[in-house]
1. Mind ranking 113-121, 211-219 by how tightly packed they are, going by the mean number of other C-beta atoms within 10 angstrom, highest first?
2. For the chain, what does the helix formula give at 222 nm: sum of -39500 (n - 2.57) over DSSP H segments with n ≥ 4, over the residue count, nearest 500 deg cm²/dmol?
3. Which peptide among 10-18, 225-233 comes first, and what is the full order, when sorted by highest mean count of other Cβ atoms within 10 Å?
4. Restricting to the chain, compute how many DSSP beta bridges are antiparallel as a %, nearest 5.
5. Using only alpha carbon pairs under 8 Å that are at least six residues apart, calculate the relative contact order of the range 12-250 and give it in whole percent.
6. Between helix 152-164 and the chain, what is the angle of the helix's C-alpha long axis to the longest principal axis, kept within 0 to 90° and rounded to the nearest 10?
7. Need one number: the % of Cα-Cα pairs in the chain sitting beyond the 21 Å mark.
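Values in this text are rule-based calculations from the coordinates and carry no lab data. Keep in mind it's a predicted model, so treat the numbers as computed, not measured. Here the Cβ positions follow ideal geometry from the backbone for every residue, glycine too, while neighbour counts run over all protein chains shown.
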Amino acid sequence: MATHHDSSEPQVVVRLEDVHKEFGDARALAGLDLEVRAGEAVAVMGPSGCGKSTLLNLVAGLDRATSGTVRVHGQDLGDLGETGLALFRRRHIGMVFQFFNLIDDLPALDNVALAAQLTGTSARQARRRALELMDELGVAGRRDTYPAALSGGERQRVAVARALVNRPALLLADEPTGALDSRSGEQVMDLLIDLNQIGQTLLIVTHDPKLAARCASRLVEMADGRVARERTLEGPDSEGVAGAALSSGAGA
Ligand code: ADP
Ligand code: MG
């Protein structure tokens with residue numbers, strides 16, 4: 001089927017159609033439809049077990065749908081093999097998790113630079129780009145520190161830098177403030193807002209209504225493996241100016 005592309009329509013970054021995902025007898029997704037357009041910040045909420053993480057994993061190409069189509073950045077992920085999926089993920093997707101998932105044996109800078117090197121960027125370029133981002137995120141001073149010695153907020157900012165180092169079309173976040181104290185959580189929220197203000201498309205899973213209200217332009221509520229309700233929000237209530245220093249943190 002030919003797809004008509006209207007150039008006045010914002011580019012669709014994510015399109016899921018009638019997606020089902022089963023794990024043996026467990027039904028994680030049951031007919032999920034979702035669209036995310038370029039520049040949107042979409043928050044996904046819903047009770048534990050309703051399929052939120054499964055959704056992000058499918059969009060990231062970390063897992064495959066049982067049926068239905070998952071299209072990201074114009075690519076039908078069902079058409080890619082394992083290697084293709086891994087390459088696609090590295091190039092186009094950034095992911096941030098609740099528990100940071102940094103490599104313990106590598107200092108902060110190497111954690112970020114490695115993600116760039118995996119896409120074929122030279123070590124020198126990768127380190128330069130990593131340091132630039134860490135500087136913007138206010139953690140350049142921690143470049144030589146190992147994850148265990150970083151605070152939770154610093155770990156998450158390093159994780160965000162790693163997620164952004166390849167300039168992904170889409171940033172996915174699964175409970176990004178779930179393991180943080182409220183002050184660090186605030187900083188990460190401000191960071192997400194700033195990123196969206198400079199055009200980064202976001203898909204964020206959260207339990208925190210405050211995070212959704214502050215950071216998202218649209219709220220998707222899931223129940224039993226599908227979208228139960230959607231509504232438009234007022235949008236990120238950034239106090240900053242679009243494109244202003246990402247390092248402004250809490251803006252205090
Ligand atoms: P949420 O993130 O909304 O809490 P998940 O997407 O993690 O929900 O899980 C949705 C459902 O799928 C749950 O019932 C969960 O137990 C099941 N599930 C998720 N991942 C797996 C897996 N790898 N193996 C078996 N069941 C899974
Ligand atoms: Mg989850």
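1. On the way: 113-121: 17.9, 211-219: 21.3.
Packing order, densest peptide first, comes out as 211-219, 113-121.
2. Details: 7 runs with 79 residues, N = 252.
One gets -9500 deg cm²/dmol as the mean residue ellipticity at 222 nm.
3. Values: 10-18: 17.0, 225-233: 14.3.
Descending packing order for the listed peptides: 10-18, 225-233.
4. Details: 22 of 39 bridges.
Just about 55 percent of them are antiparallel.
5. On the way: 512 pairs, mean separation 63.9, N = 239.
Answer for the range 12-250 is 27 percent.
6. Roughly 60 degrees between the two axes.
7. Working: 18212 of 31626 pairs.
Result for the distance tail: 58 percent.
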